[in-house]
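These notes concern the structure reproduced below.
The values are calculated or read from the model by the stated rules, or taken from the named source; none is laboratory data. Everything numeric here is computed off the predicted structure, so don't read it as measured data. Here the Cβ is made from the backbone with ideal geometry for all residues, glycine too, and neighbour counts use every protein chain on show. All accessible areas refer to the heavy atoms of the entire protein, side chains included, with ligands and DNA or RNA removed. Shrake-Rupley method; radii C 1.70, N 1.55, O 1.52, S 1.80 Å.
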Amino acid sequence: MINWKEIPFVKFLLPFATGILLSIILENNHPIWYGILLSSILIRIVFSFQKIPNHYRHFHGILAHVLLFSIGYLWCFHFNELQHKNHFQQDLKTKNIIIGKIETAPIFGKYLKATLSTQLIGTHLDSLKKCNGNILIYLKNDSTRQLKYGDIIAFNGRIQAVEPPKNPHAFNYKKFLKFKNIHYQVFVNQPEDWQLSAINQGNFIQKNAIKIRHYFLAILEKHLTTSRELSVGNALILGYKNGIDEEVRTAYAHTGALHVLAVSGLHVGLVAWFVNILLSLVKSRTLTWRITKAMILIGVVWSFAIISGGSPSVLRAATMFTFLIIGLSMNRTTNIYNSLAISASILLIWNPYLLMNVSFQLSYLAITSIVYFHPKIHRALIIKNSFLRSIWNLISLSLAAQIGTLPISIYYFHSIPFFAWLSGVIVIPAATIILGSGMLLLLIESLIPSLAFIPGWILYYSIWLMNEAIFLIQKFPSSVWIGVWVSFGIVVLMYAMIGNIILALSTRKLKWLLPASAFLFFISINYSFTSFGEIAQKKMIIYHSYRHSVIDFFDGKNAFSFYEKNIIEKNLSFATQNNRWSNGVKKVTPIHFENIEFQSENIFYQKPFIQFFDKKIVLLDDTFQFRKGAKIKVDFIIIQNNPKFDLENILQNFIFEKIIFDTSNSQWKVKNWKINCQRLNIQYYDIFEKGACEIVLE
């Protein structure tokens, strides 16, 4: 059974994190939690002066859990910057003048992108008043004059709330930014609409961390002469992932090795190990040296964490290693689960939104799973040969991590990499060599530049070999199962099943396998019902794809997709892929609007008409020739590509249920059409405004 006395911080973390989660789910404040919090405190104070009967001995524990739950709920609610009295949203007008400080290192592309913390807001200079809150700002890159972290700028622009996704099951950028406490954005296209007010006003530590990071990036760029190796080296050594192209990211994701490109506990542990080896050359065992050594190690760990970008996974590792280093310096061992709970609690107190961060979740699930499952998996196979035993150790390490992270990985990434165990055998030793040679390169280039080519050569070819191995694994037949879609409820059932298996292993009681089997049964039943629904589905979806027309027709697990030849594949996939996966589509037949005709069992296309089962659709653009005569009866009219005809022409030629304006049309033109639709009492649907239009057939 679990000995809670050894892991007291786990008892603190569970109700506190649950309160945070409920606050995030409900998305608004419920005054009842103030009452519960106050009542819990008062009852706790009263009972602290009285002796509790034995049959009420659990009352203190329940009260403490309610108290921690309430604190987590209210802390998360008040952490949301929208709840602050001086938030700039209180004074938003059509256009505002805002003065604020750049809080992140700008990302340069077509636009300069950065997070701005607001300081003053007003409609003109004389009306400026103090405010707070973050804005995601985009400045036209040709006018940015090399802005840096800590610069203060003033701009005039229309600030807008970040919009939710316009396509079903698409990546929710609004929610992603919400958990960074960013709710608004602004595009500033003209140089005259902004100006630099002050420079170099940032936090001293962060400012110098960014400066050091750029210095190190320049060193890596000097020695890693090919873009693929440079991008991987930047990500693995310094946590800088902006240069990674889609091909590399996909290869690492499909082989289960994407984690190596995100600075995490592996990297922090290796850095601490390298520095500890150097410090171990000093043979002193005095208390003064032990304290000094611990301070150096902690300083190096946190310096690396800050310079590499401070991701949740690296912050978790830095916090955990801090307690580990302190414990070792005091000759005390600590329970690893308690250390994990302490680090998670500290991070959630610092930022409760980290609970919803994918990196945070994967990091803690992976390390917890490794700690529990790795020894059991490793002992399952006894190998005498030391080399083969090392290989098996890496495989068992990878398998242990997969057990804890697979359900949530499927939920977020919709894929199962079958050769993750093999990539783990390659990337863990490779990452060790790469990080070691990379640190050596940065040190020698700074002190003895003439010798830097040696670690630079080792670094380059280590990364090159790792990349080649990953791309080779990706080419293996059935290396990855793509398009796996599960709901959050199924993820919960999967973890409940894993939890009961852990209880069975820990207690050596087979009774815990019974609920585990029940959860597996529920998962199977859900899959069967979902699959049956997918086979019978009949629906059409007109997607939101900027300046393009994209329409999918789902006939069971087959999709017939209409789009233009010139659409970029990446944009097409962004609009459609997740929705297809969520609906269980296995086969997609592409049909270009430019084609004259197409016919299948339940769909018939003869430009510009489409019949899908009993629904008739007409696609109208400038190529359509209106003719006098009997009106054509259709269900839906889809307007495309800014045609010049009037709605009266449509009424004279068609009898229809609804007009749909897709995103290939100009917004100003759609606005005028909508006014006329209201005047003529025509039902319409604006894809740009409302998002994708899904029509389910009976």
Check: Cβ under 11 Å from residue 282's Cβ, residue 282 left aside: what net charge do those residues give with Lys, Arg +1 and Asp, Glu -1?
Finding: +4
Margin query: Just to confirm the number: angle between the C-alpha axis of helix 227-238 and the first principal axis of the chain, 0 to 90 degrees, nearest 10?
Written below: 50 degrees
Notebook entry, point to check: Going down the list 101/180; 633/669; 607/690, which pairs span over 22 Å between their C-alpha atoms?
Noted result: 633/669; 607/690
Margin query: Charges at C-beta only: +1 for Lys and Arg, -1 for Asp and Glu. How large is the resulting dipole of the chain about its Cα centre, in Debye rounded to 20?
Written below: 1900 debye
Notebook entry, point to check: How do 165-178, 342-355, 588-601, 197-210 rank on mean C-beta neighbours within 10 Å, highest first?
Noted result: 342-355, 165-178, 197-210, 588-601
Check: Using a 1.4 Å probe on the protein chains only, how many percent of the accessible area of the chain belongs to carbon and sulfur?
Finding: 62 percent
Notebook entry, point to check: For residue 607, what is the net charge nearby, where nearby means another residue's Cβ is under 12 Å from its Cβ and Lys, Arg count +1, Asp, Glu -1?
Noted result: -3
Next item on the list: With the Cα gyration tensor of segment 371-420 in hand, convert its eigenvalues to equivalent ellipsoid semi-axes via √(5λ) and list them largest first in whole Å.
Entry: 25, 12, 6
Note to self: Let me make sure I get this right: for segment 215-306, a, b and c are the square roots of the gyration tensor eigenvalues over alpha carbons, sorted descending. Under 1.5 in a/c it's rounded, otherwise prolate if a/b > b/c, else oblate. Which is it?
What the structure shows: prolate
Note to self: Based on alpha-carbon centroids, what's the gap between segment 605-628 and segment 640-695 in Å, whole number please?
What the structure shows: 15 Å
Next item on the list: Report, in debye and to the nearest 20, how large the dipole of segment 540-628 comes out about its Cα centre when Lys and Arg carry +1 and Asp and Glu carry -1 on their Cβ.
Entry: 100 debye
Checklist line | Net charge of Cβ neighbours under 15 Å - reference residue 163; Lys, Arg +1; Asp, Glu -1 | finding: +4
Margin query: To check my understanding: the extent here is largest minus smallest coordinate of the Cα atoms along each principal axis. What are those three numbers for segment 587-698, in Å, largest first?
Written below: 40, 35, 29
Note to self: Taking 8 Å as the Cα distance limit and 6 or more residues as the minimum spacing, I'd like the relative contact order of the chain as a percentage.
What the structure shows: 9 percent
Check: Amide H to amide H, which residues 5 or more places from residue 697 or on other chains are under 5 Å from it, using H placed in the peptide plane?
Finding: 538, 539, 540
Checklist line | Where the chain is the region considered: accessible area per residue in Å², 1.4 Å probe | finding: 53 Å²
Next item on the list: Please quote Rg/Rh for segment 192-351 to two decimal places, taking the Kirkwood radius as Rh and restricting both calculations to Cα atoms.
Entry: 1.04
Check: Which FRET efficiency value, to the nearest 0.05, do you get for residue 172 and residue 132 by plugging their Cβ-Cβ distance into 1/(1 + (r/R0)^6) with R0 = 30 Å?
Finding: 0.75
Next item on the list: Report Rg/Rh for segment 492-632, rounded to two decimals, where Rg is the Cα radius of gyration and Rh the Kirkwood radius.
Entry: 1.23
Next item on the list: Could you point to the label whose value was computed as Rg and Dmax of the Cα atoms in Å for the structure here, given (i) 24.6, 75; (ii) 27.6, 87; (iii) 29.4, 102?
Entry: (iii)
Next item on the list: Kindly identify segment 70-206 as rounded, prolate or oblate by the Cα gyration tensor criterion: order the square roots of the eigenvalues as a ≥ b ≥ c, call it rounded if a/c is under 1.5, otherwise compare a/b with b/c, prolate if a/b is larger, else oblate.
Entry: rounded
Next item on the list: Would you pull out the residues with amide H under 5 Å of residue 481's amide H, same chain only if 5 or more places away, H placed 1.01 Å from N?
Entry: 416, 418
Next item on the list: Would you please give the FRET efficiency between residue 371 and residue 633, computed as 1/(1 + (r/R0)^6) with r the Cβ-Cβ distance and R0 = 45 Å, to the nearest 0.05?
Entry: 0.10
Margin query: Using 0.36 nm times the number of residues separating residue 602 and residue 201, minus their current alpha carbon distance, what extension gain do you get?
Written below: 137.9 nm
Margin query: From the mean inverse distance of alpha carbon pairs (Kirkwood) and the Cα radius of gyration, derive Rg over Rh for segment 635-698.
Written below: 0.94
Item checked: aspartates and glutamates whose Cα lies under 15 Å from that of residue 658, excluding same-chain neighbours fewer than 8 positions away -> 635, 648, 686, 694
Next item on the list: DSSP loop (so not H, G, I, E, B), at most 14 other Cβ within 10 Å: list which trypsin sites (Lys or Arg not before Pro) in segment 450-552 pass both filters.
Entry: 475, 508, 509, 547
Checklist line | Other-chain or far-sequence residues with amide H under 5 Å of residue 544's (modelled H) | finding: 692
Notebook entry, point to check: Using θ = phi - 60° and the Karplus curve 6.51 cos²θ - 1.76 cosθ + 1.60, what whole-Hz ³J(HN,Hα) does each residue of segment 638-648 get, with Gly and Pro shown as x?
Noted result: 10, 8, 10, 6, 6, x, 8, 6, 9, 5, 4
Next item on the list: Just report the Cα centroid separation between segment 505-563 and segment 170-220, whole Å.
Entry: 39 Å
Next item on the list: Just tell me which aspartates and glutamates come within less than 16 Å, Cα to Cα, of residue 644; anything on the same chain fewer than 8 places away is out.
Entry: 621, 622, 662
Check: Based on the Cβ-Cβ distance of residue 226 and residue 484, what FRET efficiency does E = 1/(1 + (r/R0)^6) give at R0 = 25 Å, to the nearest 0.05?
Finding: 0.15
Margin query: For segment 74-213, what does the relative contact order come out to in percent, with C-alpha contacts under 8 Å and a separation of six or more?
Written below: 25 percent
Margin query: List the lysines whose Cα sits under 20 Å from the Cα of residue 587, skipping any in the same chain fewer than 8 residues away.
Written below: 538, 539, 557, 565, 570
Margin query: I need the phi-derived Karplus couplings for segment 653-661: 6.51 cos²θ - 1.76 cosθ + 1.60, θ = phi - 60°, integer Hz, Gly and Pro marked x.
Written below: 10, 9, 10, 8, 8, 7, 9, 10, 9
Next item on the list: Compute the Cα gyration tensor for segment 317-454, then decide on rounded, prolate or oblate, letting a ≥ b ≥ c be the square roots of its eigenvalues: rounded whenever a/c is under 1.5, prolate when a/b is larger than b/c in the other cases, and oblate in all that remain.
Entry: rounded
Item checked: 3J(HN,Hα) from dihedral phi, segment 121-130, Karplus parametrisation 6.51/-1.76/1.60, rounded to Hz, x for glycine, proline -> 9, x, 8, 8, 4, 6, 9, 5, 9, 5
Next item on the list: Return the loop-located trypsin sites (Lys or Arg not before Pro) in segment 583-633 (DSSP other than H, G, I, E, B) with at most 14 other Cβ atoms within 10 Å of their own Cβ; answer none if there are none.
Entry: 586, 627, 628, 631
